[in-house]
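Undergrad: Dumping the structure here so I can ask a few things about it.
The values are calculated or read from the model by the stated rules, or taken from the named source; none is laboratory data. Just so we're clear, the structure is a prediction, and the values are computed from it rather than from any experiment. Methodologically, a virtual Cβ is constructed for each residue, glycine included, from the backbone with ideal geometry; neighbour enumeration extends over all protein chains shown. Just the protein is used for accessible areas: all its heavy atoms, side chains included, with ligands, DNA and RNA removed. Shrake-Rupley method; radii C 1.70, N 1.55, O 1.52, S 1.80 Å.
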Amino acid sequence: IYTPVQIPSHQTFIIASLPSFYARSESRPFPVVYFDLGSASLSPDAGNKLLMDLRDCCAACPLYLTGYTCSIGIESQNVKLSKYRAEAVATMLRRNGFKVALAEGKGMIDSSSPESNRRVEIKLTKN
């Protein structure tokens, strides 16, 4: 039975699968973890939801995590923040038996929706 998680405002949250514009035909869509402005903290609810979404994923399969930020702020700080976000998700996944091959930060992305850029993407392939 799937029970929706109540997410308080200003918490990290996860969508169940990647929107169609993220999905690539050669890779399985995975959850995306979103963060608040300036935050690299993964809430317990978001961590639990992520583990539930990845329950059918082979724990031995290497996962590639890429963190991003919005265009607000100084570029050098955004690169660090994007790496911290990827590392926060990687740490939680490793503690729960998943193999993380790479956790990297790409910094900021210009977009009309800054909130959607404050994220960590999870993939089975490096590209």
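Undergrad: Lys and Arg at +1, Asp and Glu at -1: add these up for the other residues within a Cβ distance under 14 Å of Asn48 and post the number. Display every interim value, and only then the final one.
TA: Values: positive: Lys49, Arg55, Arg95; negative: Asp45, Asp53.
Here the charged neighbours net out to +1.
Undergrad: For the stretch 25-98, with every protein chain kept in place, what is the accessible area per residue (1.4 Å probe, Å²)? If you can, show how the numbers build up before the last one.
TA: Details: 3680 Å² over 74 residues.
Result: 50 Å² per residue.
Undergrad: Net charge near Ala60: determine it from the other residues with C-beta under 13 Å of the C-beta of Ala60, scoring Lys and Arg +1 and Asp and Glu -1. Before the final figure, lay out each step's value.
TA: Working: positive: Arg94, Lys99; negative: none.
Net of charged neighbours comes to +2.
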